[in-house]
Structures are given as structure tokens and as C-alpha cells.
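One structure below.
A short reminder: the numbers here are calculations on the coordinates, not readings from a lab. None of the values given here were measured: they were computed from a predicted structure. With ideal geometry, Cβ positions are generated from the backbone for all residues, glycine too; neighbour counts draw on all protein chains shown.
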Amino acid sequence: MKHDLLGLKDLSADQIKHILDTAGTMKEIVLGPNKKTPHLQGKTVVNLFYENSTRTRLSFELAAKYMSANAANITSSGSSVAKGETLIDTAETINAMGTDILVMRHNLSGAPHSISKLVDASVVNAGDGMNEHPTQALLDMLTMIEHKGHIEGLKVAIVGDIYHSRVVRSNIYGLTKLGAEVTLGGPTTLMPMGIDKMGVKVYDNVHEAIVDADVVMALRIQLERQKKGLFPSIREYFRYFGIDEQRLRLAKPDAIVMHPGPVNRGVELSTAVIDGDRSVITNQVTSGVAVRMAVMYLLSRGGF
């Protein structure tokens, strides 16, 4: 029986911890002088991306290559998708080539779930629509553990474009299962109805959300997903919802600042905060390679 990583919604706390523990070991490899291991030797990993990506796609590719897998990248613009080939036909073609792990990003929520039923390869969701982005949440949690020592009991404030964010949904599933308190803050126009039912506290402002927070995570304003103006202007957004040094003082003195990237400087975070001592955004990128190594390694060994 094959195993997939389609989201954190259906994973247990123990399964999440197992992935994070394995990722901690993998990070030692990433930071070490010799990044080549035989963990996936003889395996083939295909990255199928229907949306633009730099960090996620590159980190999956590096993770595969660090573990001696054969890695290939496919984008919709550079494949037969541009000629009209359907997602199902593309996935079945990739599967017929003996692919072991299929990493997939798609603009439609649930696309990886549908494909996982049709292919023999283990499917890893690298972001589907506005649903989930499980490996991003895992790397976020790994970064928190490295800087705070634990997840349980932390107050994690996530602010910004909550409505369009698949990152926030995966983080809510993972963080609440591991015992963190999650607060959300942002404009009411960017806050999904009923998200408070996921076990989080919701505020229509940033101030209340980040008071005494251990972790402040800003989300990117996803202008490409917005079909209508959900706030007056970028300048107005930063004025009321952006995180600058003054607003950051509401969090705990040792609070860390995170962002899934890419960051719109001067919109979600000020340059001073991005480049400041409390920012761990660069560390998140390093954690991303380690997490993706762990996920693919564990899937190749029978799952979590």
C-alpha cells in the first residue's frame, strides 16, 4: 500500500512529531559539509508544478538530489499541458514512467487528492488552491522548535491574508494538534467565515492578535488570487495591518518573526523587521529542505 502526504488535517500529533524528528536529523545533513546520502538511491522524484514557485520547487529538487534520487521538474507552461493535455493524462503519463514520488502543486483545491487515487507513486501536496500546504507548515513548526524548544504552550499569531492562504490552514491543523494557541489577525475582508471553528481566536486587527505572542507569522498578500479590491491600497494595508518594529513590541520580547515567502517588503513586514535579529525567515528556507527530505524518505519507507 502506498502512502501520500496530502495535508495535515488527517495526520495525528504523533505522525507530525515523527516527521519533525526525522527532519531534525535531515537538517544536520543539510548544514553539514557532505550533503549526499543514499536514502533515495534508485528512486525517481517528479515535481509537477501548475503554479509558479521558487522556494518550494527548488527545495524539493535539492532534497531529492541530496538523497541521491533522480529528480525532474515539470511546469505547466513547459509541458504538454500548454497543448491542452488534462491533469489526469499528465499524471498518468508520469506514473507510466516509473515515478516513485510525485510532488504536485496545483491551483485547484483537492487536485493532489484526486490524482493520488489514480497513480502508483506517492503523492506529496506542494500546495493546492486555498486548501493546504503541509510541508510549509511542517517547516514552520520545525523552525519554531529549533528556536523555542517546543510547540506545546506557544502562542502563535498569524496575520495577514488569511482568506487566500493554504499555509494558514495547514499550520492551524499542525499547531493545534501539538498544543499551541493560535490567533489570527487581519482585515475582515481577508478573514474566512467560520475559521474560528478550527480552534483559533480571530481578531479583525493585528494588535490584539500579536499581544504576548511567542511567534509572529505574517502572510503574503496574494494579489494574484484577488479578483476585487479587498482593502483600499497597499499603503493603507501596511499602515493598519503590516508588522513594523513598533507593532512588534506588542509580542513577547523574545518573539520570533516568520513569513512563508516571498515577502512583499513594506507591505506585510517592514524592512527593519525582515532584516532584524528576531527574523527567522532565512532559517525557514533551510528547514524546508530538511522537511522535504524527511517527508520523501519516510514515504519511501512506508509512511509516517
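Quick notes on this structure:
- Farthest toward positive dipole pole in the chain [+1 Lys/Arg, -1 Asp/Glu at C-beta], among 131, 266, 95: 95
- Prolate/oblate/rounded call for the stretch 111-172, Cα gyration tensor, a/c under 1.5 rounded: oblate
- Applying the criteria of a DSSP loop state and at most 13 other Cβ atoms within 10 Å to the trypsin sites (Lys or Arg not before Pro) of the stretch 33-72 yields 36.
- Using a cut-off of 23 Å between Cα atoms, the listed pairs 35/155; 27/148; 148/252; 27/252; 35/177 include 35/155; 27/252; 35/177 as exceeding that distance.
- With kT/(6 pi eta Rh) evaluated at 37 °C and eta = 0.692 mPa s, and Rh the Kirkwood radius from Cα pairs, the chain diffuses with a coefficient of 167 µm²/s according to Stokes-Einstein.
- Helical mean residue ellipticity (222 nm; -39500 (n - 2.57) per DSSP H run of 4+; nearest 500) of the chain: -11500 deg cm²/dmol
- Cα gyration tensor, the stretch 114-244 - rounded (a/c under 1.5), prolate or oblate: oblate
- Placing +1 on the Cβ of every Lys and Arg and -1 on the Cβ of every Asp and Glu, with nothing else charged, gives the chain a dipole about its Cα centre of roughly 320 debye.
- Cα-based helix-to-principal-axis angle, 166-177 vs the chain, degrees rounded to 10: 80
- Per DSSP, loop GluC sites (Glu not before Pro) in the stretch 124-173 with at most 13 further Cβ within 10 Å: 152
- Taking the charge dipole of the chain about its Cα centre, with +1 at Lys and Arg Cβ atoms and -1 at Asp and Glu Cβ atoms, the residue from 193, 211, 154 reaching farthest to the positive side is 193.
- With each label modelled as a point 7 angstrom along the Cα→C-beta vector, the residue 282-residue 2 pair spans 3.9 nm.
- Mean separation of Cα contacts under 8 Å (6+ apart) over length of the stretch 228-304, as relative contact order %: 29
- Placing unit charges on each Cβ (+1 for Lys and Arg, -1 for Asp and Glu) gives the stretch 1-57 a dipole about its Cα centre, and among 34, 46, 16 the Cα reaching farthest toward its positive end belongs to 34.
- DSSP bridge orientation in the chain - percent antiparallel, rounded to nearest 5: 5
- Relative contact order (%) - criterion: Cα under 8 Å, at least six apart; region: the stretch 165-304: 21
- Relative contact order [Cα under 8 Å, 6+ residues apart], the chain, whole percent: 22
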